[in-house]
Each structure stands twice: as C-alpha cells, then as structure tokens.
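Written below as structure tokens is the structure these notes are about.
The values are calculated or read from the model by the stated rules, or taken from the named source; none is laboratory data. No experiment lies behind these values; they were computed from the predicted model shown. Because the Cβ atoms are built from the backbone with ideal geometry, glycine has one as well, and the counts that use them run over all protein chains shown. Areas reflect the complete protein model, heavy atoms only, side chains present, ligands, DNA and RNA absent. Shrake-Rupley method; radii C 1.70, N 1.55, O 1.52, S 1.80 Å.
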Amino acid sequence: NIGKAQLENGDYSQAVAVFRAALNARPNDTVARRNLARALLFKGDLDDALAVLAQARTEGENLAATEYLRGLAYLRKESPADAVSALENTVRLDPSTAAVRFQLAKTYEALGRENDAIAQYRETVRLDPQHTAAHFELAMYARKQKDFETYRAELRDYKRLRDAFGDPEVSPLLLQACRHTRAEAPIIPPIQRTPHDSSGQPSIRFFEATSI
C-alpha cells in the first residue's frame, strides 16, 4: 500500500511513480489506474490525468469516481463546459454525495445556469446540513432575489457553521474532497481453497498478489 500512503500524505510525485510502475507490471490493474489519475490530478498534471481517466472510463469499474475525477480535472483547467457532463454523470451514478452536488452547482454557476446551481446547492445542504459553503451560496442567491427571510436564515446557518468549523474558502480543495478523491486500497486476490487435489489430498492454491 505504499502508493496509497504516499497519495494520502500528499507525496504526489512519488505516488505517480509507484502507480505507473504498478500499471507497467499489471496493465489491467484498474485500482492502480484510478489512483494514478488521482495522483496526477493532485500534482497538477491535468492532461495526463485526463488521459488516464479516458482509459479508466472504458473499463467500467467505479465509474462514479472516474467521472468525478474527470469533472475536477476540467474544473481545474477552467473548462466548466467540459466538466458539466462528467459531474452530471457522477450525480446519476452517485446522487447522495454532497461534495459532488456542490461541485456541479459551482459548474452550473460558471455556465450562467443560476436556477440549476441553486437546486444543486439545496441538494447539497439536504444531504449535508453542515455544508458551510453551500449555506453561504444559498444566502447570496436569496439576497440577490430579495428573499430576505431566506437570506437571514441561510446567513445564520453559515455563520454558525463557520464559527464551529472554520471558513471553507480558506482551502477550496477541501470542498472537492469526498470518497471519490480518496485513494483506493489495492485489491488483493483471495486465496482459493479446493477440497482435494488430483491425488485426493487436501490442497490450497495461492494467487499472486503484489502490494502497491
């Protein structure tokens, strides 16, 4: 689990090297491929991350994570028009993760789709009532629409949560974090036990498993 630990510790360059080596050894290792994409994304190698994710999309495993990572890569490239379909796909596959809804809301906002953004901010706070940034965004939209009752209520929630948990805008990357951005543990093939071998004696067959 060396690569996973490096990714979690923010040692992205080393994590990239480890996961590339793992894929060279086992080209069909889909977990290593997604972890490589994460490491490239966090390192800032966005085009390389998107290339790896394009391959991951064809493999059909954990597509919610693949699409979310694609959306984040396009957002970091300041390309919301490309990000929107990836994040909409993520919501279809995973409708219950607040961070996904929040990033889709920000994408709609960048595209000028304010009503869609508001709907996703509302879904964010429904899924996570302590989502400080989403309460702030709803307060700002309410003020813009001269809905002052909602504005005051959302602003109260925002200030209460900000005082309890800190200002989310201090570290915007935390707003992207969720289960899809966390490193996945490598899949270790199980030991396959068979009652007897051809001679009638008990036997155990071991499958190769290499830690990454």
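Condition (residue is of a type in the set (A, V, I, L, M, F, W, C), farther than 27 Å from Q130 by Cα and surrounded by fewer than 17 Cβ atoms within 10 Å (Cβ to Cβ)) applied to segment 32-47: is it met by at least one residue? Among the residues of segment 32-47, not one is of a type in the set (A, V, I, L, M, F, W, C), farther than 27 Å from Q130 by Cα and surrounded by fewer than 17 Cβ atoms within 10 Å (Cβ to Cβ), which makes the answer no. Examine segment 50-61 for a residue that is basic (K, R), open to solvent by 50 Å² or more (accessible area, probe 1.4 Å) and on the phi < 0 side of the Ramachandran plot, and state whether such a residue exists. Yes, that holds for at least one residue. Just one of the numbered conditions (1) aliphatic (A, V, I, L, M); (2) open to solvent by 60 Å² or more (accessible area, probe 1.4 Å); (3) farther than 22 Å from R38 by Cβ is not true of L93: (3).
For segment 68-88, residues that are part of a helix (DSSP H, G or I), under 18 Å from A37 (Cα atoms) and either in contact with an Asp or Glu (Cβ under 6 Å, 6 or more places away or on another chain) or open to solvent by 10 Å² or more (accessible area, probe 1.4 Å) (or both) total 6. Under the condition of being open to solvent by 50 Å² or more (accessible area, probe 1.4 Å) and of a type in the set (F, W, Y), which residue from segment 128-165 is nearest to E109 (Cα to Cα)? Result: F136.
Within segment 74-88, residues that are under 12 Å from L50 (Cβ atoms) sit with their Cβ atoms under 6 Å from residues that are in a helix (DSSP H, G or I) and open to solvent by 70 Å² or more (accessible area, probe 1.4 Å), at 6+ positions apart or across chains, in these pairs: Y74/D82. Does E114 fit the bill of being loosely packed, with under 15 Cβ neighbours inside 10 Å and acidic (D, E)? The answer is yes for E114.
Before we move on, is A99 in contact with a Cys (Cβ under 7 Å, 6 or more places away or on another chain), closer than 21 Å to L175 by Cα and surrounded by 18 or more Cβ atoms within 10 Å (Cβ to Cβ)? So A99 fits the description; yes.
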